[in-house]
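J.: The structure follows.
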Amino acid sequence: MSMKIIAAGFCFALAAAALPLSGPAGAEPVPPLAARSELDAFLWPGTEPPRRLDQHGDRLRPESLRDRLVVVSFVHADCTIACAVRVLDLDKLAQALPAPLRERVTFLSIGTDPARDDPARLRAFAEGLVGKTTRLRFLDSDAASTAALAAALRYPPAALPEPPPTILVFDRTGRMAMAYGGDPLDGPRLLQDLTLLETFENGIGRPARGEARDPA
């Protein structure tokens, strides 16, 4: 029997169902209710979802995250040493993933300083800290989505823009599977959990690959 994975700390399903699903012309399209996962609701909250540009100026799109494990962390270009070490540890983990798993995991670092952290500034931060070839995508944000993320994480708004020491992992269906808090990052534990989570081809609510199924 595989280890049971338990999501810790947050529940995004009800929040996702309650979010309005239409926006103004030209906004990033919000997936319809049937396709709107917890990951979608977390990354693109509200009626005017942010474009979510990465450090290269490329737009993050919901379809690029489908059927992938997604690791979400938080950052800003003037963050403290604890934040910088967390980024270094995540970059090290991303590079060390075994080849089959490496192609299945996306690492997102969401900016928490929308007033200053545009893609160019995030790119300078990323290249100066972890280099041009990092597998982490550093995403810009706006004030509304930053406030929504802080509320979802129960993170004190007064502590912003220092990012919360939180790492979330979403399964291949976009369901929040695990949450980690505190420093330093436990890289071996996260690698172990990602390896196990990859075996759940249809999300953690279904049997894992190779697990005996109960007779109908």
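J.: In the range 27-78, which residues are farther than 13 Å from Asp140 by Cβ, at pLDDT 95 or above and in a loop (DSSP other than H, G, I, E, B)?
T.: Arg68
J.: Hey, does the range 79-99 have a residue that's surrounded by fewer than 21 Cβ atoms within 10 Å (Cβ to Cβ), without any contact (Cβ under 8 Å) to a residue 40 or more places away in the chain, in a helix (DSSP H, G or I) and within 17 Å of the chain's Cα centre (by Cα)?
T.: There is no residue in the range 79-99 that is surrounded by fewer than 21 Cβ atoms within 10 Å (Cβ to Cβ), without any contact (Cβ under 8 Å) to a residue 40 or more places away in the chain, in a helix (DSSP H, G or I) and within 17 Å of the chain's Cα centre (by Cα).
The values are calculated or read from the model by the stated rules, or taken from the named source; none is laboratory data. Small disclaimer: the values here were computed from a predicted structure and weren't measured. Positions of Cβ are generated from backbone atoms using ideal geometry, with glycine treated the same way; all protein chains shown enter the neighbour counts.
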